[in-house]
Amino acid sequence: GLLFQLGVLHYSKGAHEKVIPILERAVAINPNYSNALYFLGLSYDKLGNNEGALAAFQRIAALNPDNTDVKAIVTALTEGNSAFDVLGNTATGVPTSGELPVPQQ
């Protein structure tokens with residue numbers, strides 16, 4: 001949880017290059033950490049790593065098959081577009097525990 005919080009803090013400041021190693025570590029510890037994968041994928045996307053973003057969102061989709069937003073992001077990334085084409089500005093804020101993008105299972 002601490003790594004996730006630190007990653008989201010850097011994400012909120014636009015420091016995506018700092019987010020990636022932190023959230024990669026969080027996901028290495030817990031490969032099913034959908035919310036860490038979410039912000040990791042967005043950071044990859046922001047830095048132009050479409051392959052990394054797609055892999056992260058495909059993993060989230062496998063863990064959360066009913067999440068239509070994630071499915072739309074996977075489609076956008078597969079087509080060479082950005083996750084932000086789907087999300088607009090909704091992915092720019094800092095989530096609180098009640099506003100996590102992928103519901104906890």
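Please treat every number below as a calculation from the coordinates, not as lab data. In this text the structure is predicted, and so the values were computed from the model without any measurement. Positions of Cβ are generated from backbone atoms using ideal geometry, with glycine treated the same way; all protein chains shown enter the neighbour counts.
Observations on the structure shown:
- Spacing of the two label points (7 Å from each Cα toward its C-beta) at LYS18 and ASP85, in nm: 3.1 nm
- The coefficient of translational diffusion for segment 1-64, derived via Stokes-Einstein from the alpha carbon Kirkwood radius under 4 °C and 1.567 mPa s, stands at 116 µm²/s.
- Label point distance in nm, THR75-LEU63, each placed 7 Å from Cα along Cα→Cβ: 2.3 nm
- Per DSSP, loop trypsin sites (Lys or Arg not before Pro) in segment 1-42 with at most 15 further Cβ within 10 Å: LYS13
- Qualifying GluC sites (Glu not before Pro) in segment 24-89, where qualification requires a DSSP coil assignment and no more than 10 other C-beta atoms within 10 Å, comprise GLU79.
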